[in-house]
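Working notes, beginning with the structure itself.
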Amino acid sequence: MAPLEKYSRNDVKNHNDSNSTWLIIENKVYDVTTFLNEHPGGEETILEEAGKDATEAFISAGHSSEAREMLRKYEIGELIDSEKTKKGTRIPNIFGTGRIVSQVIFVALTVGVFIAIRMYHSSRN
């Protein structure tokens, strides 16, 4: 198997629209232009991340193993070594769920803490 083509983040940045849509996911570069119309979440979801490192968005969306397998056919290369992100440096998704569910949980916890503080202060008066 031939070595993967090497790209810089700047190379990827230039492919940020529906005519040429590249993403970085876990240091690999993908050309997902032909997948835009097939994406279950709509092409807008992918275009928001076009030309960028979409690792966190991809992980936060809770993609299945089938989606990860499907992604492999769009792989065109990898980042140059000096621009790779070290594994484990991303902020982990502590809830292990999609982005929207994580945001709902965060808001619920925030509201819960706010209510607890208000109740504590009102009980002291």
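A few comments on the model shown:
- Among residues of segment 60-72 that are more than 17 Å from GLN103 (Cβ to Cβ), none has a beta-carbon under 6 Å from a residue that is of a type in the set (Lys, Arg) and outside any helix (DSSP H, G or I) at least six positions away or on a different chain.
- Residue match in segment 93-113 (condition: among the hydroxyl-bearing types (Ser, Thr, Tyr) and at pLDDT 90 or above): no
- All helices (runs of 4 or more DSSP H) inside segment 1-60 with 2 or more residues being closer than 20 Å to SER82 by Cβ and assigned by TED's automatic domain parsing to the domain that holds GLU83: 9-13
- Reported count of residues in segment 25-59, each being hydrophobic (A, V, I, L, M, F, W, C) and without any contact (Cβ under 8 Å) to a residue 12 or more places away in the chain, is 0.
The values are calculated or read from the model by the stated rules, or taken from the named source; none is laboratory data. Computed from a predicted model, the values in this text were never measured in an experiment. No Cβ is skipped: glycine too gets one built from the backbone with ideal geometry, and neighbour counts run over all protein chains shown.
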